[in-house]
Amino acid sequence: MQERTKAKWAEHEDSNKVNYSMVPIVILGSKFDQFANQYESRSKKTMCMALRYIAHQNTCDLVFGSVREKLPSQLYRAVLNSHAFETEVGHVDMNHNNPINCPASKDSLSKIDEPEGAQRSRASLD
């Protein structure tokens, strides 16, 4: 499994900056319908960028789901199927105003606004 993960990341620009997971991990943001209606766009963007950063750093998939809306449920099911049957996830969406569906190797640090304090915490570990 770890070999398959490393093979996915072999040609990725961030391959030397991520922490490889021994098993596939999916971060599920449930109740997307409430999240979309409760927060303003700027807050949603900040939360989504932080989640994308954490997921990317740890080679996790990030997907938002909802029982009440059809698309987020389908996205979640597609991510689980991709792990179970070793298929590719067709639909990738990283827009904070839509349900996020971000397979692990499809994002990059250059596309993510680094969360506030991320550089500082990384530098303090060295």
Provide, as a two-decimal number, the C-alpha radius of gyration of the range 52-104 over 2.2 N^0.38 Å, N being how many residues it has.
-> 1.07
For 79-91, 22-34, 45-57, ranked highest to lowest by mean beta-carbon neighbours within 10 Å, the order is 45-57, 22-34, 79-91
P(r) tail fraction, the range 2-125 - alpha-carbon pairs more than 22 Å apart, % | 35
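Laboratory data are not the source of any read-out in this text; all were calculated from the coordinates shown. Computed from a predicted structure; not experimentally measured. Every residue, glycine among them, receives a Cβ derived from its backbone with ideal geometry; neighbour counts consider all protein chains shown.
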